[in-house]
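Report on the structure given below.
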Amino acid sequence: MGRCPHRCPGSLSAPLDQSIGITSYQHSSEELVRLGCLLSLFMPYELASWMLSQWSGLSVSSSSLWSWVQVMGNKAYQELETQLKAQASGDQTPCEAISEVLSALPLAIAADGVMVPFRPTPKTPKGKSSGEKSKLLS
């Protein structure tokens, strides 16, 4: 069993690849790609590249991150199209299963250190607003 799809002689032999989930010609783990894509959603590619190298110790270029985002975006778009076609034909997309422990949890939204603008005169727009730090739990 070799990595070459044509079973060329001299290709690398890795008999445990399938059992640990490595596909042919895979260079990066799915977890690394996922983390790189998630970082790239919230910051520029250069910064995401630097942040990923700080967290993982691996060097990934910003152009690789861009390519990963394009691939994952295309996969997500294809999945969405499949779900929309199924919905249009009357099929219902199955919901994700949620454990009983998670379904029993109440919804809590918390914010710490939020700056809220307050005016010196209540219920009027007059006066200069001052930012006050607030804690919120709802």
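The values are calculated or read from the model by the stated rules, or taken from the named source; none is laboratory data. Keep in mind that this is a model prediction, so the values were computed, not measured. Every residue, glycine as well, gets a Cβ built from its backbone with ideal geometry; the counts of neighbours run over all protein chains shown. Surface areas here come from the heavy atoms of the whole protein model, side chains and all, with no ligands, DNA or RNA. Shrake-Rupley method; radii C 1.70, N 1.55, O 1.52, S 1.80 Å.
So which residues in the range 64-95 are polar (S, T, N, Q) and part of a helix (DSSP H, G or I), if there are any at all?
Ser64, Ser67, Gln70, Asn74, Gln78, Thr82, Gln83, Gln87
Within this structure, Pro5 passes the test of being out of contact with any Asp or Glu (no Cβ under 8 Å at 6 or more places or on another chain), modelled with pLDDT under 75 and on the phi < 0 side of the Ramachandran plot. Out of Gln54, Gln18, one residue alone is modelled with pLDDT of 90 or more, out of contact with any strand residue (DSSP E or B) (no Cβ under 6 Å at 6 or more places or on another chain) and open to solvent by 90 Å² or more (accessible area, probe 1.4 Å). It is Gln54.
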